[in-house]
Amino acid sequence: MIDRETLRVFRDIGRDIYVAGLTTSHGGNMSVRDGDRIVITRRGSMLGRLGDDDLVETGMEPCAADERCSREIVVHRAVYAATDARAIVHAHPPHTVARSFAHDTIVPADSEGLYVLGEVPVVEAATTIASAEAAVVLAGALAGRPVAVLRTHGPFATGATLEEAFMHMSVLEASAAILDLLGR
């Protein structure tokens, strides 16, 4: 059973992600982990308008509930298994995605980006959406780092909470925009 506070946090962060322009109307996904329990946004949900039926409770192992989960559940499970993350935010921020086409790392030029993120790896998978390969490369890239970018698809940010994961996503996109403004 998903409690009202969990739903409220997902709604608030989902709305913030959408309002900040970090994803399209039906793009992106979020999850939190508590032990073997994962709460994740449902497949096709609108992060900016999450409702009572837009969260799915599942576990660390595949199950029947997965049909309703975001397709990226395979990535979320792999990241949770490989890291101490308690929350994951995935979005498609335009400056970050654009940089992923041409760079193997994103190195912030701004002080906040350097302090919060350091160098951000850009990893590659032949199938970028919901693939086992993407899950493996992202889980490896996120070991010891708060965020990694899947080339042409977007970043996965982790944190102890959804708010912290969102902060990592937000800082990355601001840093990517600053690099664009600097022409780097």
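Points to keep in mind about this one:
- Of residues in region 8-61 being under 12 Å from LEU162 (Cα atoms) and either in contact (Cβ under 8 Å) with a residue 60 or more places away in the chain or of a type in the set (Phe, Trp, Tyr) (or both), the one surrounded by the most Cβ atoms within 10 Å (Cβ to Cβ): MET30
- Against the test of being over 11 Å from VAL116 (Cβ atoms), over 13 Å from the mean Cα position of the chain (by Cα) and outside any loop (DSSP other than H, G, I, E, B), the options ALA165, ALA177 yield a single qualifying residue, ALA177.
- Residues that are in contact (Cβ under 8 Å) with a residue 60 or more places away in the chain, in a helix (DSSP H, G or I) and surrounded by 24 or more Cβ atoms within 10 Å (Cβ to Cβ) within region 75-98 comprise VAL75, VAL79, THR96, listed in sequence order.
- Filter pass, ALA125 being in contact with a strand residue (DSSP E or B) (Cβ under 7 Å, 6 or more places away or on another chain), surrounded by 14 or more Cβ atoms within 10 Å (Cβ to Cβ) and either in a loop (DSSP other than H, G, I, E, B) or charged (D, E, K, R) (or both): yes
- Complete set of residues in region 36-58 that are closer than 14 Å to ARG77 by Cβ and touching a Gly at 6+ places or on another chain (Cβ under 9 Å): ASP36, ARG37, ILE38
- Odd one out for THR96 among (1) farther than 24 Å from ASP16 by Cβ; (2) at pLDDT 95 or above; (3) not aliphatic (A, V, I, L, M): (1)
- Residues that are aliphatic (A, V, I, L, M), more than 23 Å from VAL149 (Cβ to Cβ) and part of a helix (DSSP H, G or I), drawn from region 1-49: LEU7, VAL9
- Only residues that are surrounded by 14 or more Cβ atoms within 10 Å (Cβ to Cβ) and touching a helix residue (DSSP H, G or I) at 6+ places or on another chain (Cβ under 8 Å) were counted across region 128-150, and they come to 15.
The values are calculated or read from the model by the stated rules, or taken from the named source; none is laboratory data. Keep in mind it's a predicted model, so treat the numbers as computed, not measured. Because the Cβ atoms are built from the backbone with ideal geometry, glycine has one as well, and the counts that use them run over all protein chains shown.
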